[in-house]
Amino acid sequence: MALLLAIILWLLLAMLFLVGVALMTPVFVRVHLTRSPQFAYRVEMRALAGLAPRLTLAEGPRKGPDVRPDPEPAKPKQRRLPRLKRVHGPVVRAVPSLFLGILDRIHLTELHIDADYGLGDPADTGQLCGVLMPLQYANPMPASVSLDLRPDFTRAILNGSVTAVVRVTLASLFVPLSRFAWRAFGPGR
């Protein structure tokens, strides 16, 4: 019986260690958006600093003729929504700091934009081109960022793809979440 308890204890400690390692190593989230000619998206995640296999979190319609539109769903009966409690003042005041704290812990590691754009009027396309071209050519960008923006002066168009990879350590999100909880629900609130 003592041997069984020891094995269970060691298994629990090993699982706790693995959960701690997973929380303290970075997670990479890759978002790929494509619009040519229809919109498609794909969100993937790699845990354990990119060592774990890629896991697809969400995927939109794929390109190609085999994509069929979904039939219109039947309209559900109108239900009365339950009355929601009003959010208290301290919670509302703490939300912006929570949002900024979470954004502070998310790091952009890659950004690739490849797009053809154009507005209906060539003059408007030229003005937009004048605004966007300094982003592409003014400063030397890191190797993890690539912008390929091509204006089309003949028609209104927006086709291309955007790929962004962000890195976040899940354990670091506990700091802004605990600050939010303290500000919103702490003593004196």
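Under 5 Å between amide hydrogens, built in the peptide plane, is the criterion, and for Ile157 it picks out Gly118, Leu119 among residues at least 5 positions away or on other chains. For the stretch 51-59, putting each phi into the Karplus relation 6.51 cos²θ - 1.76 cosθ + 1.60 with θ = phi - 60° gives couplings of 7, 6, x, 5, 10, 7, 8, 8, 8 Hz, in residue order, rounded to whole numbers and with x for Gly and Pro. A 1.4 Å probe run over the stretch 121-189, with the rest of the protein chains in place, finds 65 Å² accessible per residue.
Show that you can apply the helix-only estimate: for the chain, add -39,500 (n - 2.57) for every DSSP H stretch of four or more residues, divide by all residues, and state [θ] at 222 nm to the nearest 500.
Result for the chain, helices only: -12000 deg cm²/dmol.
Remark: the His112-Leu132 segment gains 5.7 nm on full extension, using 0.36 nm per residue and subtracting the alpha carbon distance.
Surface composition of the chain: carbon plus sulfur atoms contribute 67% of the solvent-accessible area (1.4 Å probe, protein chains only, all chains present).
Placing a label point 7 Å from the Cα of Met45 along the Cα-to-Cβ direction, the residues of the stretch 100-125 whose backbone N falls under 19 Å of that point are 102-110. Within the chain, helices built from complete DSSP H runs that reach 30 Å or longer along their own axis (Cα positions) and carry a mean Kyte-Doolittle hydropathy of -0.5 or higher are 2-24. At 4 °C and 1.567 mPa s, what whole-number value in µm²/s does Stokes-Einstein give for the translational diffusion of the chain, with Rh from the Kirkwood sum over Cα pairs? Approximately 59 µm²/s, per Stokes-Einstein.
For Asp124, Asp104, the ranking by accessible surface with the largest value first comes to Asp104, Asp124, using a 1.4 Å probe. Near Cys129: Cβ cut-off under 15 Å, other residues only, Lys/Arg at +1 and Asp/Glu at -1. The net charge is -3. To the nearest 10 square angstrom, how much accessible area does His88 have with a 1.4 angstrom probe? Estimated to the nearest 10 Å², His88 gives 130 Å².
Put simply, the amide H of Ser146, placed in the peptide plane, has neighbours under 5 Å in Leu111, His112, Ile113, leaving out anything fewer than 5 places away on its chain.
For Leu177, the shell of other residues with beta-carbons less than 14 Å away shows a net charge of +2, using +1 for Lys and Arg and -1 for Asp and Glu.
The values are calculated or read from the model by the stated rules, or taken from the named source; none is laboratory data. Just so we're clear, the structure is a prediction, and the values are computed from it rather than from any experiment. Here Cβ is always computed from backbone atoms with ideal geometry, including for glycine, and neighbour counts include all displayed protein chains. SASA here: full protein model, heavy atoms, side chains in, ligands and nucleic acids out. Shrake-Rupley method; radii C 1.70, N 1.55, O 1.52, S 1.80 Å.
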